[in-house]
Every structure is written in C-alpha cells, then in structure tokens.
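See below for the structure under consideration.
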Amino acid sequence: MSTQTRVGAFATEAPTAASDGAAARRAGVSPTRQKPFTPWLFLLPYLLLFTVFVIVPSVFGIWISLHEWDYTLPNKPFVGGENYVELFDPNSVNSGSFWTSMRATAIFTVFSVPLLLVLPLFVALLMNKSFPGRNFFRAVYFAPYVLGVAVVGLMWRYLLDNNIGLVNYYLGLFGLPDDTAWTTSVPAAWVALVGVTVWWTLGFNSVIYLAALQDIPAELYEAASVDGANSWQKFRNVTLPGLRPILTFVTINTLIASANMFGQSYIITQGAPGRETRTAIYQIAETGLRNFQMGDAAAMSYVLTFFLMVISVIVFWLFREKKEKPMPQEPSAAREGALR
Amino acid sequence: MTAIERVATPAAVTAVERQGEARTGRTPVWAIVLRYVLLGVLALLYISPIIFMLVTSFKTRADAAGIPPTWIPNPFTTQAYETILTASGTPVLIWFSNSLIAAVLHSALVVVTASLAAYPLARMRFRGRGLVFGIVIATLLIPPVILIIPNYLIVGNLGWLNSLVAIIIPTAASAFGVFFMRQFFLSLPAELEEAALIDGANRWSIFLRIILPLSKPAMATLALLAFLTNWNDFLWPVYVLFSADVQTLPAGLGTLQSANAVRYDLLMAGAVIASVPVLLLFVFLQRFIIEGVSRQGLKG
C-alpha cells in the first residue's frame, strides 16, 4: 500500500529533474553511462550460488550416474549406462525396490493430483465473491500449509493411530469400521497419505485459483447474464476458459509436488506395510545418502525425471489442444485478461 | 498492465472487491446461507486437527493415549513441554535455535542475492540478459530430486556436511526469488531512475537509495516465503545433518518420533514448538504470504 503512494509522490516530483527526459528515455535506461561489467557485478552473487548448486549439480548428476560411485570407496570406476540397465534388469539388487517405489509415487500422484485440482477450485469458487469473513476463511484453509511436513506428519500419525486415534474413534461413533490400520496396511495407507496431503496443501492451490478467479473481468459475467446464461453455463463458458492458463501452472506444480512426496511417507507410514508406500524420492535418498550407492541413486533420479518430463509435456499438450479448439469470443478475452 | 501488476495495485484490488460486492447484491439469501454453512463446517473440520495437537500437548502421557480421546486436558499439565525441553537426547531448544538461525540467514541471503540479480535483469540493457533470465527461469522446471545426490557430494567437498551452512546456502539460489523481484522492479516507474541518472547517480546508489526503499513490501514477502520454506524443510536436513546438536527442529522431530513412538504427549509438544513461529508469522503477516503465493501462480 505505502509503496504505491510513495511511488506516486516520487513520480510527480520527477518531471522537474527529467525535463529533458525524452532524450534520456530514448537512450533507454542510459546504456552509455553504464560500464559494461556493472550488470554482471549485480548478478555475481546470485550466479555464483546458481552455478555451484543448480547448474553444476544438474550436469554432475549425469556424470555420477555413469560411474559406480560409492561414497565410501576410493575408486569410482566408469560403468557407462550400466546403472541404468540394472534398473531395468529384474535380477539386480536395486531394480525391484526402485520400481516398487516408482509404483508408490505413481499411485500417490494419480489419486492426489485430481483431488488437488478439483477440491481447491470448489473452495475458491465458494470464496470468489466478496462477503464478510472471506479473509478469515481464506486464512483457515491456508493455515495448514504453513506448517511443515514434519509437524503435519506427526499430527496425523497420532490422529490416524489404530488404537487411540481420533479418526478411528469418530468413525466408530458413526457406526463405521473403527479398526482400520491407516498407517500399516494398504489401501488404507494410501487413503491416509492422499487425505493428509489434500488437507495440508488444499489452501495453496485455492489461493492461486482465487487470485485467478478475481482476475476474470466482471463484465464477462454480466454479459453472460444478459444473454440469459445460468450458473453452470457461466462456469463452463466464462470461468473455466478464464482459468485455463492458471490450470496449466497448477497442474504441473501439483504433479511435481506429488511426484516428490517424501515427508508424509517418511513420518506417517515409514514406507509401511513392507515398502509399499516408500516413494521414489524416499528410495533415491535412502539408496544414495544412507547406503551411499550414489551412481545407482543418480540414475534413479534421472529415470524419475524422465517420467516427470514426459508427463509435463503431455499436460502442456493437453491444455494447448483445448486452446486451439474454436471458442466463443468472450472466454478468449477472459483468457487474455487473466494473464498479462 | 500485467496480471501481476494488477494484483499488486491496491486500486485494482479494491476495484475487484467492489465488483464482487456488486455481484453479491444479486445473490439470493439461501445461497449466502449455504455458502456460510459449507465454509463454516469445512473450516471447523479443517482446523480441528491443529487444535487437537495443541490440546494433546497439555495432556499427561496416559491422558494422551486415553480412549475416548478428549478435547479438554484432564488434568491440564505442561509436563510434556518440561520433559521434552530438559530430556537429554532431545535438545529441542538447540534444534529451535538452529532452525531459527538457518531460516533467518537463508532468507536474508535469498533476498539479497535475488534483489541484486533481479535489478539488472529488470532495468539494464546488456548482452546476455535474455539468456541469463531464460536459463534461470528454465531451472524452475528441473525437479529438485536430480540435485540431491550431486549437491550432497558438492556440500561434502566444501566440508559443509553436518553443519548449518549446508541448509543455509545451497538452497538459496532461488529462481522464483529472481523472477518475483524482477517483476516488482518492472512495476516501478522508469522516470525515477532516469532523473537520478541525469543527476549523475551511479547504478549502485540508485539501487540502494531509490529502488530498494520502494521495494520493502516485495522483499518482505520474499523473505517470509524463504523463511517458511527453510524452517519447514525436511528431506535435505534429515540427510545432511546427522549429529543431534546440529539438527533443525523438523529433522529433530523425525528422530524424536522413532525414539518415542508412543509418547504422543511429547511428540505433540514438539510439534507445537515447531508450529508456533510459523503460525505467529502467518497470523500477523498472512496478507504478504498469501499475496506472495498467489503471485507464484500468476507467473505461469
């Protein structure tokens, strides 16, 4: 708030100093005065961190994956694609547990992503109109997100406890089965992990949806009303097309977050029963950072990344397909209005 | 005007709210009642696990494991806190200060480096600008999982394993931070700098004396998001910190759980201690947090 007013004050004083501002503006933001290395000095600290901890590791990882890289061994012999081949060889040590973990990640992603796309939209739609208490509700739904996964995990491990947990107790009160082993049996553990994750992150997606909904011009709804559209038609022809660019972001973001699920599984189920709920990233961290088989773990992380990229491309493609279909005038205007 | 600028502009926000009010005017009463009932019931269900965590932390060991579960501690006791704070092997106060130090330094580093980097990307013309910005944004698409193993080795080679530096620095190269600050700088009027440049000010003093003072809200938002992320981070500290006395609070709680699997009174007390700072930040600064998150979405 205060920034805006101060910017305003500054701007009204500015013209006196910039009386020959036109010339200055033509010179852009004065490249002539600028020493060529000035921008790079500003960029230096960030680029240093960025290079060492983002660029170098993303290439170094490939190098690691091509070696038999055990942290505890002095030699790291080059093995080419062997680490990758082993992952696809059912007789190798790591193959079975890796694909079990990939399946766990897939199960979790398949069930959590649709819920995390639809339920937050429902909540955002409920809150889209301005009404007393809206900010309160928005805060309530967002609050769990500021708690970390460690807190969320411990809390729900207690609530989901077989014997003394609140969840089974209340299920019993309603005459439902009250002895489900939420943390140690499948498919109950999947219901628990997905449910907890939805509870934890629903507010995050809701807030993003809500911001996008507020960006859809009201005139479009008014025009739709004038044309006699009912609520469903307005949702179908104004709201959804207006949300499309945001939907791509929310879908990809939720997909990547779900595919990286770790803490819930580490704390709530500890991978149980057996290794059924041990996710891919959990398996990669254990293989690389507990057993120090870093070559294998790096290869696993690229296989996981490959799957993620394929899925992301599919998502982009799906959303672009829909855009290309002929659409009524108003929604396309809404789309442009919603983003840039 | 971009969507981000519109969200950031108070005038636009109030305009949107006004539109909303106009729409509400036509909403039938039953719909308003239905909305409140739905939102109210959901909100109650939503917040009750957090309340139950708080309640349990004031229970005795037996009460916390009692059936049926109760919503009022009987007797009310701070025993769980006393135990967890004093027991050897659970240095909760040390974990707490580790988390605090790490999160504060980390968020300062993110804000400083991201602001510095975003300024030339928003305001200067130079060869390679598009390339640098493109590469930084492209890394938003890199799944963090591929960085874990190589970064562990890099951190090991730097001698940072099992020290707080390992959780302060490597995660500080925030592509989102650069994007976020750049977007904010772009929204400031160019006349400000042009006037100062004509008066002979150099870039550095323009940045320090004009741009940064105007950017306090954006920097506060970014600092807050970086603080929350670092405070709550779990996987990385679990694997790079191994001594009890260098752990962060979330990583420590993870070990606490394996050691005290059935002491839910203690676990909930620990969880409450880890929640208090972030919940307080959220209560007082939720506008910044929520605005920051919604802008994260609008970058698409």
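The values are calculated or read from the model by the stated rules, or taken from the named source; none is laboratory data. Note that the structure is predicted; figures quoted are calculated from it, not measured. When we count neighbours, we look across all protein chains shown, and the Cβ atoms used for this are built from the backbone with ideal geometry, even at glycine. Surface accessibility is based on the protein's heavy atoms, side chains included, excluding ligands, DNA and RNA. Shrake-Rupley method; radii C 1.70, N 1.55, O 1.52, S 1.80 Å.
Could the peptides A:240-247, B:240-247, A:201-208 be put in order, highest first, of the mean number of other beta-carbon atoms found within 10 Å of their residues? Don't skip to the answer; put the middle values down first.
Working: A:240-247: 21.6, B:240-247: 17.5, A:201-208: 24.9.
The densest-packed peptide leads the list: A:201-208, A:240-247, B:240-247.
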- Message: Taking 2.2 N^0.38 Å as the expected size of a compact globular protein, what ratio does the Cα radius of gyration of the stretch A:192-271 give against it, to two decimals?
- Response: 1.48
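Using a 10 Å cut-off on Cβ atoms, rank the peptides A:84-97, B:154-167 from the highest mean neighbour count down. Could you put the intermediate results ahead of the total?
Numbers: A:84-97: 13.9, B:154-167: 17.1.
My ranking of the peptides, most packed first, is B:154-167, A:84-97.
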- Note on the structure: Per-residue ellipticity at 222 nm attributable to helices in the protein assembly as shown (runs of n ≥ 4 DSSP H, -39500 (n - 2.57) apiece, nearest 500 deg cm²/dmol) works out to -22000 deg cm²/dmol
- Query: Given 10 Å bins starting at zero, what is the percent of C-alpha pairs of the stretch B:86-126 in each, up to the one with the largest pair distance?
  - Reply: 25, 27, 20, 15, 9, 4
- Query: What figure in square angstrom, to the nearest 10, would you give for the accessible area of A:M261 with a 1.4 Å probe?
  - Reply: 10
- Förster radius 60 Å - calculated FRET efficiency between A:Y170 and A:D70, Cβ distance, rounded to 0.05: 0.75
- Toward the positive end of the charge dipole of the stretch B:122-205, about the Cα centre and with charges on Cβ (Lys, Arg +1; Asp, Glu -1), which of B:M124, B:S205, B:L161 goes farthest? B:L161
- In the stretch B:123-179, which trypsin sites (Lys or Arg not before Pro) are in a loop and have at most 10 other Cβ atoms within 10 Å, using DSSP for the loop call? B:R127
- Under 15 Å from the Cβ of B:A102, count the other residues' Cβ atoms, weight Lys and Arg +1, Asp and Glu -1, and hand me the total. -2
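Between B:W30 and B:T77, what length in nm is gained on full extension when 0.36 nm per residue of separation is reduced by their alpha carbon distance?
Details: separation 47, 0.36 × 47 = 16.92 nm, distance 4.53 nm.
Extra length available between B:W30 and B:T77 comes to 12.4 nm.
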- Per-q log10 I(q)/I(0), the stretch B:47-158, q = 0.11, 0.16, 0.23 Å⁻¹ (Debye; single scatterer per alpha-carbon; no solvent): -0.72, -0.95, -1.26
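Per the Kirkwood treatment, what hydrodynamic radius in Å, one decimal, follows for the stretch A:53-106 from the mean inverse distance over all distinct Cα pairs? Intermediate results must be reported in sequence, preceding the final value.
Values: mean 1/r = 0.0791 Å⁻¹.
In the stretch A:53-106 this quantity evaluates to 12.6 Å.
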- Task: Specify whether the C-alpha gyration tensor of chain B places it in the rounded, prolate or oblate class, a ≥ b ≥ c being the square roots of the eigenvalues: rounded for a/c under 1.5, otherwise prolate if a/b is larger than b/c and oblate if not.
- Result: oblate
- Task: Give the calculated FRET efficiency between A:W232 and B:L131 to the nearest 0.05, with a Förster radius of 60 Å applied to their Cβ-Cβ distance.
- Result: 0.80
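Report, as an integer, the average count of C-beta atoms from other chains found within 10 Å of each Cβ along B:46-54.
Working: counts 10, 5, 2, 12, 7, 0, 4, 8, 0.
Per-residue shielding by partner chains comes out at 5.
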- Query: In Å², nearest 100, what accessible area do chains B and A bury in total when the solvent probe is 1.4 Å?
  - Reply: 11300
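Could you work out, residue by residue across A:138-145, how many beta carbons of other chains sit within 10 Å of that residue's beta carbon, and then give the average as an integer? Walk me through the numbers before you get to the answer.
Working: counts 3, 8, 8, 5, 6, 10, 4, 7.
Going residue by residue through A:138-145 and averaging, the value is 6.
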- Could you state the per residue volume, in Å³, of the convex hull enclosing the Cα atoms of the protein assembly as shown? 182
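Taking every residue in B:236-247, how many Cβ atoms of other protein chains lie within 10 Å of its Cβ, on average? Numbers along the way, then the final one.
Working: counts 2, 1, 6, 5, 1, 0, 0, 0, 0, 0, 0, 0.
Other-chain Cβ atoms within 10 Å of each residue's Cβ, averaged: 1.
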- For the protein assembly as shown, give the magnitude of the charge dipole about the Cα centre (Cβ charges: +1 Lys/Arg, -1 Asp/Glu; no others), in debye to the nearest 20. 1500
- Message: Step by step: find N for the stretch B:168-300, compute 2.2 N^0.38 Å, then divide the Cα radius of gyration by it. What's the final number?
- Response: 1.43
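Can you give me the accessible area per residue for the stretch A:96-154, using a 1.4 Å probe, in Å²?
On the way: 2000 Å² over 59 residues.
For the stretch A:96-154, the solvent-accessible area averages 34 Å² per residue.
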- Message: Over the stretch B:88-211, with the other protein chains present, what is the accessible area per residue in square angstrom, probe 1.4 angstrom?
- Response: 37
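Ranked highest first by average number of other Cβ atoms within 10 Å, how do B:288-294, B:44-50 line up?
On the way: B:288-294: 21.4, B:44-50: 15.9.
So the order, starting with the most tightly packed, is B:288-294, B:44-50.
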- Hits for chain B under the membrane-span-like helix rule (DSSP H, Cα axial span at least 27 Å, Kyte-Doolittle mean at least -1.0) are B:29-56, B:92-123, B:264-298
- Any idea which of A:L220, A:F174, A:F204 is furthest toward the positive side of the dipole for the stretch A:141-300, if Lys and Arg beta-carbons carry +1 and Asp and Glu beta-carbons -1? A:F204
- Calculate, for B:D199 and B:L280, the FRET efficiency according to 1/(1 + (r/R0)^6) with r their C-beta to C-beta distance and R0 51 Å; round to the nearest 0.05. 0.70
